[in-house]
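Beneath this line is the structure, given in structure tokens, with notes to follow.
We did not get these values from a lab; they are worked out from the coordinates using the rules stated. Computed from a prediction, not measured in an experiment: that's the story for all the values here. Heads up, the Cβs are rebuilt from the backbone with ideal geometry, glycines too, and the neighbour counts pull from every protein chain shown.
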Amino acid sequence: MSPQKSPKLYTYRSKTIFHVQPRTKELIDPTHPLLEAKRDEIESIDRKTFQYGLTERHQLDVYYPSEQLPQNSNESHERGKPPILAFLYGGGLVQGNRSNSPSHLVHNNLGAFFASRGVLTVIPDYRLVPGITYPQGSEDVRDALTWILTNLISEGDTCQIYILAHSAGGMHLNGLLLNPVLYSPLAHAIRGVALMGSPCAVTTDMHKLYQVALGYYGSAKAIAREEPISLLRRVSAEYVTKLPPLRMLVAGSEPARISNSMRGFAEEFQAKGGIVDELILEGHDHLSPVLALSTGTGEEWGYEIVRWIHEGGS
């Protein structure tokens, strides 16, 4: 059943607010002291690297669950296989790695957090600007997901794939979801999508990102035509109703130009019959939610994502 429309944007289907007080200054400290204190736990999780394409950027890390599925997990997980989470990191289209130097604890912390809670977690690299143009970033996401479907069938439930995308990673994800040619071969397997701090419209006041986007999309007209909100407006309501439920994760201190674009996207998505809910992460900023995982502070949102996955996206 489609959610009832409301004149209040924030209701969507449900609203969850996490009031947390993460030690944000320590989280965003480039020496990552809170993660460093948990290095042994993070590195204890079994992790393997694989090639999913032709270039050095076409590599991904798989984090393997260290425990059995929770007893209350969705019974549809095939033969007890764990559900799968693919995480797409941000970096303004020009930077980022599946395991960031120099500490190699970011995004390892995220992979370890979810894997230690019964979720097979995959973090792919993807090609960066200026080495690519639209829609090659979305094609890399497609290829990584295709690799998962083909190669993790014995380790995970490939009919229960969830995607979490942060910042620019969400731009590539939306370029996949809203392109029927790219997305259709994967549609049967994707059960839920979560966008965190992801620009859904690229405006001139996003100064640095806008300049990079000019190179990725090709021109100002191309940005206006191919940015996520424009892609959404072009697809049919029938197409949107068949997309997986969408979760919008908005940090309490997210820059307004990003949070406003996400909410505008959510309004359009819901107006076309899509299922949307929003989680507001009070106490967090644009970067701190990802950095908080595996630190023991500010992780509440991660536990909610674990619950969402194990309960089948509900």
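Please report, in debye to the nearest 20, how large the charge dipole of the chain is about its Cα centre when each Lys and Arg carries +1 at its beta carbon and each Asp and Glu carries -1 there.
860
What percent do you get for the relative contact order of the stretch 159-314 when only Cα pairs under 8 Å and 6+ apart count?
Relative contact order for the stretch 159-314 comes out at 24 percent.
Specify the inter-centroid distance of the stretch 86-125 and the stretch 170-195, based on alpha-carbon positions, in whole Å.
Answer, in whole Å: 19.
Out of 122, 190, 243, whose Cα points farthest toward the positive end of the dipole of the stretch 120-258 (charges: +1 Lys, Arg; -1 Asp, Glu; placed on Cβ)?
Result: 243, furthest along the dipole toward the positive end.
Using Cα pairs under 8 angstrom and six or more residues apart, how large is the relative contact order of the stretch 9-310, in percent?
25
Looking at the stretch 223-278, what % of the alpha carbon pairs are farther apart than 15 Å?
48
State, to one decimal in nm, how far the label point of residue 188 lies from the label point of residue 207, with both points 7 Å from Cα in the Cβ direction.
For residue 188 paired with residue 207, the spin-label model returns 5.0 nm.
Quick one: 3J(HN,Hα) in Hz for the stretch 44-52, Karplus 6.51/-1.76/1.60 with θ = phi - 60°, rounded, Gly and Pro as x.
6, 6, 5, 9, 10, 10, 9, 9, 10
Looking at 302, 313, 291, which one has the Cα that reaches farthest to the positive end of the dipole of the stretch 264-314 (charges on Cβ: Lys, Arg +1; Asp, Glu -1)?
Final value for the positive-end residue is 313.
Check which residues have an amide H placed less than 5 Å from residue 278's amide H, if you skip close sequence neighbours.
13, 14, 16, 248
Mind checking the full-extension length gain between residue 150 and residue 46? Use 0.36 nm per residue of separation minus the Cα-Cα distance, one decimal, nm.
So the chain would gain 35.4 nm between residue 150 and residue 46.
Please report the orientation-averaged projected area of the chain, defined via the convex hull of its C-alpha atoms, in nm².
15.0
Is any helix in the chain, taking whole DSSP H runs, at least 20 angstrom long along its axis by alpha carbon and on average at least -0.5 on the Kyte-Doolittle scale, and which ones?
Counting only whole DSSP H runs, the qualifying helices are 136-151, 256-271.
Given 25 °C and 0.890 mPa s, how large is the Stokes-Einstein diffusion coefficient of the stretch 106-175 in µm²/s, with Rh as the Kirkwood radius over Cα pairs?
Result for D is 186 µm²/s.
Could you run the Karplus curve 6.51 cos²θ - 1.76 cosθ + 1.60 with θ = phi - 60° over the stretch 184-199 and give me ³J(HN,Hα) per residue in whole Hz, x for Gly and Pro?
With the stated coefficients, the stretch 184-199 comes to 3, x, 9, 4, 5, 9, 8, 9, x, 9, 10, 9, 10, x, 9, x Hz.
Express the relative contact order of the stretch 88-129 as a whole percentage, based on alpha carbon pairs under 8 Å and six or more residues apart in sequence.
Computed value for the stretch 88-129: 43 percent relative contact order.
Could you order peptides 240-252, 91-103, 148-160 by the average number of other Cβ atoms within 10 Å of their residues, highest first?
240-252, 148-160, 91-103
Give me the net charge of residue 104's neighbourhood, meaning all other residues with Cβ under 14 Å from the Cβ of residue 104; Lys, Arg count +1, Asp, Glu -1.
-1
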